[in-house]
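Scroll down for the structure; my scribbles are underneath it.
Every number here is computed from the coordinates shown, using simple stated rules; none is lab data. Just so you know, these numbers come straight off a predicted model, no measurement behind them. So basically every Cβ, Gly included, is an ideal-geometry build from the backbone, and we count neighbours across all protein chains shown.
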Amino acid sequence: MSDEGWSGYTNRETWNTAVWLFNDQNRYEWMQAQFPSGCSGPESAERFCRDIFGDKTPDKCLLDNVNWQEIVEAINEE
């Protein structure tokens, strides 16, 4: 990830989704259980997030605008 944009993410929606994934301990632990050896790709990350959030994060950021590859990279870094 670059240092440009939203704390290294390309847009607010991607940054916001990462915040919701990684700043809640229970959600983080569940995510780690779902991806014990890392997230396999953008489709898996999107499906995981949509199962949790639906079409929007709790503060109403649309998941349609998320850069899912960046979410994969963030999941795999954790």
Taking Cα pairs under 8 Å and at least six residues apart, what relative contact order does the chain come out at, in percent?
38
Let me know the charge dipole size of region 15-77 about its Cα centre in debye, to the nearest 20, where only the beta-carbon of Lys, Arg (+1) and Asp, Glu (-1) is charged.
140
Explain nothing, just compute: Karplus ³J(HN,Hα) = 6.51 cos²θ - 1.76 cosθ + 1.60, θ = phi - 60°, for every residue of region 57-72 in order, whole Hz, x for Gly and Pro.
5, x, 9, 6, 7, 5, 6, 4, 9, 6, 8, 5, 5, 5, 5, 4
Listed with the fewest Cβ neighbours within 10 Å leading, V19, V66, V72 appear as V19, V72, V66
Residue-averaged [θ]222 nm for the chain, counting only DSSP H segments that reach four residues, each worth -39500 (n - 2.57):
-16500 deg cm²/dmol
Using the Cα gyration tensor of region 15-77, with a ≥ b ≥ c the square roots of its eigenvalues, what is the shape: rounded (a/c below 1.5), prolate (a/b larger than b/c) or oblate (neither)?
oblate
Between W30 and R47, what is 0.36 nm times their sequence separation minus the Cα-Cα distance? Round to one decimal in nm.
4.7 nm
Taking placed amide H atoms and a strict 5 Å upper bound, the residues 5 or more places from K56 or on another chain that come that close are L63
